[in-house]
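Readers should treat all values here as calculations from the given coordinates under stated rules, not as data from a laboratory. Note that the coordinates shown come from a computational prediction; the quantities given were computed from them, not determined experimentally. When we count neighbours, we look across all protein chains shown, and the Cβ atoms used for this are built from the backbone with ideal geometry, even at glycine.
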Amino acid sequence: PSFLRLVVCVPQDPRVLDSMLPYLTAYYGNPHSRTHAYGWESEAAMENARRQVADLIGADSREIIFTSGATESNNMAIKGVARFYKSRKKHIITTQTEHKCVLDSCRSLETEGFRVTYLPVKKNGLIDLKELEAAFQPDTSLVSVMTVNNEIGVKQPICDIGEICRARKVFFHTDAAQAIGKIPMDVNNMKIDLMSISGHKIYGPKGVGALYVRRRPRVRLEPLQSGGGQERGLRSGTVPTPLAVGLGAACEVAQQEMEYDHKRILQLAERLVTKIMSEVPDVVMNGDREHRYPGCINLSFAYVEGESLLMALKDVALSSGSACTSASLEPSYVLRAIGTDEDLAHSSIRFGIGRFTTEEEVDYTVQKCIQHVKRLREMSPLWEMVQDGIDLKSIKWTQH
Amino acid sequence: MAASSRAQVLRLYRALLRESQRFSAYNYRTYAIRRIRDAFRENKNVADPAKIEELLNKAKANLEVIHRQV
């Protein structure tokens, strides 16, 4: 079986596992225990990991808080900032294509009395900067826009958004889970105030992530989790040393391999798209062709039923929509936001290409995809009608 | 001096590739072999002895990483 669903579910890098081994075996001390050597070793490892994460994004290690993953980081950032400043500021701006956890956090804030503007996106998946500027209100406390979208791979104009927010003294949060370690990120150049990081998206362990919280100018958050005051009081709870060490190692490896990986993934992505599009007509790539991360490709196959195609390609493990929405039968809200027709949204497939993807896997996937799209189209009466030159939108479907 | 380092480098290269073949996971195996080959090829013309030593140490460390997991 070949696993191309690499956007959400990626294998851990062996170098990451290696870095974690000592902390899963001999060095099991609690990093917060101040009174013995076991604790000191773990603490040193945890602080080293913190520095590795910070180095990847151009931050200071004191600005990195370890969390259980990007979902927690997103929750902390959005709810934390909103609630801290709620006496004077009650408005938040985000986009319609954010990850479920961001949208859901905003929704829950709305029940607490906050107002949220969900910016629409253009057909290419990018936000309109003019609309962003127009959306600001005198009591806006936070803008949250993800760097790279997990479903269609588009890259938002983060530098521009950062400038706009900085000029208006509004905090800028970005969910960088899909971007970290894959494209260069610098919190100072990009004027980012809060950033969510996920361990398992960069070939690190599952169950760990981080939140970058700017110190100058200071961003204040109301902590989500109360307790012993770990992580500067922002996130109580014992930091899982092996997982933190793994995250740190993943960040360091990602920094070293970024150029090599990017070049290779770009090559493989172009191979996949070119091959499919040259063999099969009526394929739409969702999202801007240029402003994207190459490793996340979303294609819609017109006149093909999505679930059937997915079942046919089941040994290649792709996904229609994203993991967090794959349980429901609704077409992805991201595709709906970019204006994809209902039927095209249902027949969309997401291909994820990563560090460990081989050329063989790409070729196999392409071959199977072409084979099944052709087969399903042969069976499709809609396809037959299109071939005959009938405009599908002109058909009056009768009720039986 | 040069001759013995060349032999040393080749020995390390072969050891890394041999060890990588033992990964049972298809993706790890293919990645390791590909990455090792590309890295050695890329650094083929490095002349500075200090840099060469640094690269060889990195290679040795990676050999041990692989060895622990195969």
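Against chain A, whose longest principal axis comes from its Cα atoms, helix A:158-167 is set at around 50 degrees.
Kirkwood analysis of the Cα pair distances in the stretch A:14-254 returns a hydrodynamic radius of 18.1 Å. A DSSP coil position with no more than 10 other Cβ atoms inside 10 Å describes the following trypsin sites (Lys or Arg not before Pro) in the stretch A:61-152: A:R88.
How do B:I36, A:I92 line up, fewest other C-beta atoms within 10 Å first?
Going from least to most buried by this count: B:I36, A:I92.
Eigen-decomposition of the gyration tensor built on the alpha-carbon atoms of the stretch B:3-70 gives equivalent ellipsoid semi-axes of 22, 12, 10 angstrom, largest listed first. Ignoring the sites themselves, chain A has its longest run without chymotrypsin sites (Phe, Trp or Tyr not before Pro) in a DSSP loop having at most 15 other Cβ atoms within 10 Å at A:29-396. Its Cα gyration tensor gives the stretch A:258-383 an equivalent ellipsoid. The semi-axes, each the square root of 5 times an eigenvalue, are 23, 17, 14 Å from largest down. Take the Cα coordinates of the stretch A:247-288, assign each an equal point scatterer, and use the Debye formula without solvent to give log10 I(q)/I(0) at q = 0.19, 0.34 Å⁻¹. Relative scattering, expressed as log10 I(q)/I(0), comes to -0.68, -1.06.
Convex hull volume of the C-alpha atoms in the protein assembly as shown, normalised per residue: 180 Å³.
Between the helical axis of A:100-111 and the longest alpha-carbon principal axis of chain A there is an angle of about 70 degrees.
Loop-located trypsin sites (Lys or Arg not before Pro) in the stretch A:349-400 (DSSP state other than H, G, I, E, B) with a sparse environment of at most 16 neighbouring Cβ atoms within 10 Å: A:K396. Take every Cα pair under 8 Å whose residues are at least 6 apart in sequence, average their separation, divide by the length of chain A, and the relative contact order is 23 percent.
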